[in-house]
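Contents: one structure, followed by commentary.
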Amino acid sequence: MRRIVQVALPLPLFRTFSYAVPLDLQDKVFPGSTVEVDFHGQILTGWVVEEGGEELPGLKEIREVLPFPPFPSTLLGFSRRLSLLYLSPLGEVLASFFPPLGKSARKYLGFRVFAGENVQECCKRFGVLPPQGMNLFLFLERFRVSAKDLERFLKDGILRLEREFLKIGDSPRTPGECFFWEIPRLEERKAFLRDILVKAWEEGKKALLLLPDLQKVDAFCAFLREHFPSMSLIRYDSRLRPKERVVAFWRILEGDFDAVVGTRLSAFVFPCQSLGLSVLFDPEEKGYVADRAPHYDIGEVMEERAHHFGECLHIVCALPSLRVYFRWREGKVKPGGVIPSSGTRNVQGVVARGLWRNFALFPPVRRAIVSVVERKGIVLIWVQKTGYATALGCRECGFYYTCPSCGIALRYHKDLALLVCPLCHFRLTPESTCPSCGGIQWGEWGQGVERVFEEVQRTFPGVPSERVDPEIEEEGWMGKVAAPSILVGTSALLREDLLPRVSLFVVHSLDEWLSLPEIGAWEQLYIRLQKVLRLLPPDAQVLVQGSRESLRRFPEFLKPWSLFYADALEKRRSLRYPPFVRLVRFVVRSRNKEAVFRVLFHAKELFEARGIQVLGPFPSVRPRRERAKSAELVARYPEEDVAEAFDVCVEIFPLSGMQWSFEFVLS
């Protein structure tokens, strides 16, 4: 009987696959090995997750064992946990930890390099090599040694090679602790980071630092290099080329670092015994949520990582998010400390009256702007909606343009002369006449960034002004601000380096924020407003435009976070919303609309048979691609039922023959 193992492949399939182990690989293949296999005419990289399996006719053998270290059992346990939580195949989760290998890496990763007989010449060229040697691929990349030069160094006795015998220890580790710190200001965060890194290094621990965007990664890397010039720092984010990621992976594996700094990709840094400290900055920022499945909540991933690998996690935020507050109530996260804010703020509401509603900025706000400009201050106007108008329609018959996929009003972008869906980015050029009645009286409803900025330029023609759009926000707005100036934009303006210089902060329309239908919209507004209030200078003025009804609710957003979140959690508990349950959209796409709904009705029966509440099916709010029809279910279940939901996915996925995605509604 041949030896059979189960291999997890990086495919959207909820199962493992049986492969036989050839005789020449018997001592190299075991649970944790990275292997190369044939799969339906392709050569794929997979991971051996367990022994055993049935000998079937035509069972294929493993082609090769790749020179990756065997992953420890704790990593497999961690990956299985993420697979359950995010309804993701085990192979796709494991693939997040391993970089793709090129030909050059495969050729050299299986060797270690040591000083040869000519030690003096080796030290002269490469310094003192570690007693345990250095991985050959890492050595060649670090010292820029070509294959031809390597051959010469070996021949001259400057270097010698040995086979690499990869083995990863998996000694048990005590589950790590999680703390949260309220530190709003950038300089205070840097001081905190400096102190905690020094303490960790004194204890022999290495650090993993996660930041929400590339701009902050670069800023903190520059800070660390300035204050710790001898520190061995690894940058680990999406900008790394495949070869650079392999180099970073092996440096982490060999412990050749003091700190790793990166974005959400760093949450899947390969665990090592010396990595004992993790710091997560601003877990509520959208940069931590992947735009493609699986939609990990990196805050939750890091908590799970701390539990499995014994790392101590510190969460640094301007104020805790709702999820952090919930975990604190459960005793899973502990308060670390608070840097007090600089006192109360001058916050005033400006009520919309009569004709004022026709303007983007009400008269009292205009007068305040004039006063600040005269003092050569900076004005920041925060707008919720993008584009020029929330909707474009016909004043004669009431028709307005809607997205064919999402069913919501298309926003009008005057600069582009286009209508754009804010959800799926569907684009449409408006017609010159109404497609419903043929009328020519077009009307614009709602006010976006373009509309507000147009009024600012018209009202204050001699004052420098700038507009920040979502396109700039996605790339990271790097504009330099001089005083006096007026800035108009979305949440991209709420920068830690900008807010301390602002003299007047204007919320363009509180009604727009309070009317958002998304789960957690009010909590996000609360976090952003509180962040602004903590970062503004003590003498800054805050004006909030809105209707009487919305301004009556505004004092709720000035409460301490413990009181605000307590009320929010009670509402979520009664509605059975996250974080008390997991809420997941099961989206199916196919060209056959009837087949889509037939599959979803079958899936609904399977969920309900396991006691899982399901809403739908109904048309999906996600875009239709290549003329495909899409529909969705919404499943709601407590965390203890994640295995039940996963079993349904295992049962329905291979039978559908359609395109699936699982999109989590996060807390």
Scan the stretch 525-543 and tell me whether some residue there is free of Cβ contacts under 8 Å to residues at least 24 places away in the same chain and either more than 30 Å from TRP660 (Cα to Cα) or more than 27 Å from the chain's Cα centre (by Cα) (or both). no
Is it the case that some residue within the stretch 417-424 is open to solvent by 40 Å² or more (accessible area, probe 1.4 Å) and either in contact (Cβ under 8 Å) with a residue 40 or more places away in the chain or touching a Gly at 6+ places or on another chain (Cβ under 7 Å) (or both)? yes
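Could you list, in sequence order, all residues of the stretch 561-583 that are open to solvent by 80 Å² or more (accessible area, probe 1.4 Å) and under 26 Å from ASP641 (Cβ atoms)? Can you show your working first?
Quick first cut of the stretch 561-583, residues open to solvent by 80 Å² or more (accessible area, probe 1.4 Å) only: 563, 570-571, 573-576.
Result: GLU570, LYS571, ARG573, SER574, LEU575, ARG576.
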Could you please let me know if PHE179 is of a type outside the set (D, E, K, R), in contact (Cβ under 8 Å) with a residue 60 or more places away in the chain and crowded, with 22+ Cβ neighbours inside 10 Å? no
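Please indicate, with yes or no, whether at least one residue in the stretch 550-560 is among the aromatic types (Phe, Trp, Tyr), without any contact (Cβ under 8 Å) to a residue 40 or more places away in the chain and crowded, with 19+ Cβ neighbours inside 10 Å.
Going through the stretch 550-560, the residues among the aromatic types (Phe, Trp, Tyr) turn out to be 554, 557.
If we keep only those that are without any contact (Cβ under 8 Å) to a residue 40 or more places away in the chain as well, we get 557.
The next check asks that each one be crowded, with 19+ Cβ neighbours inside 10 Å; those that pass are 557.
Among the residues of the stretch 550-560, at least one is among the aromatic types (Phe, Trp, Tyr), without any contact (Cβ under 8 Å) to a residue 40 or more places away in the chain and crowded, with 19+ Cβ neighbours inside 10 Å, which makes the answer yes.
Yes/no matrix, rows are residues, columns are (1) open to solvent by 50 Å² or more (accessible area, probe 1.4 Å); (2) part of a helix (DSSP H, G or I); (3) at positive phi:
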| position | (1), (2), (3) |
| --- | --- |
| PRO435 | yes, no, no |
| VAL452 | no, yes, no |
| GLN457 | yes, yes, no |
| VAL481 | no, no, no |
| LEU487 | no, no, no |
| PHE505 | no, no, no |
| ASP511 | yes, yes, no |
Please indicate, with yes or no, whether at least one residue in the stretch 221-241 is crowded, with 20+ Cβ neighbours inside 10 Å, more than 27 Å from PRO184 (Cα to Cα) and not basic (Lys, Arg). no
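Please enumerate the residues belonging to the stretch 584-596 that are over 9 Å from LEU633 (Cβ atoms) and open to solvent by less than 50 Å² (accessible area, probe 1.4 Å). If you could, list the steps in order and put the result at the bottom.
Within the stretch 584-596, the subset over 9 Å from LEU633 (Cβ atoms) is 589-596.
Scanning the stretch 584-596 gives ARG589, SER590, ALA595, VAL596.
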Among the numbered criteria (1) among the hydrophobic types (A, V, I, L, M, F, W, C); (2) exposed (fewer than 15 other Cβ atoms within 10 Å of the Cβ); (3) under 29 Å from the mean Cα position of the chain (by Cα), which single criterion is violated by LEU23? (3)
If the requirement is being surrounded by 19 or more Cβ atoms within 10 Å (Cβ to Cβ) and touching a Cys at 6+ places or on another chain (Cβ under 9 Å), which of these qualifies: ASP258, ASP282? ASP282
Scanning the stretch 363-407 residue by residue, those among the hydrophobic types (A, V, I, L, M, F, W, C), more than 19 Å from GLY489 (Cβ to Cβ) and open to solvent by less than 40 Å² (accessible area, probe 1.4 Å) turn out to be ALA391, LEU392, CYS394, CYS403, CYS406
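The values are calculated or read from the model by the stated rules, or taken from the named source; none is laboratory data. From a predicted model like this one, the values you see are computed outputs, not experimental measurements. Heads up, the Cβs are rebuilt from the backbone with ideal geometry, glycines too, and the neighbour counts pull from every protein chain shown. Just so you know, the surface numbers come from the protein's heavy atoms only, side chains and all, with ligands and any DNA or RNA stripped out. Shrake-Rupley method; radii C 1.70, N 1.55, O 1.52, S 1.80 Å.
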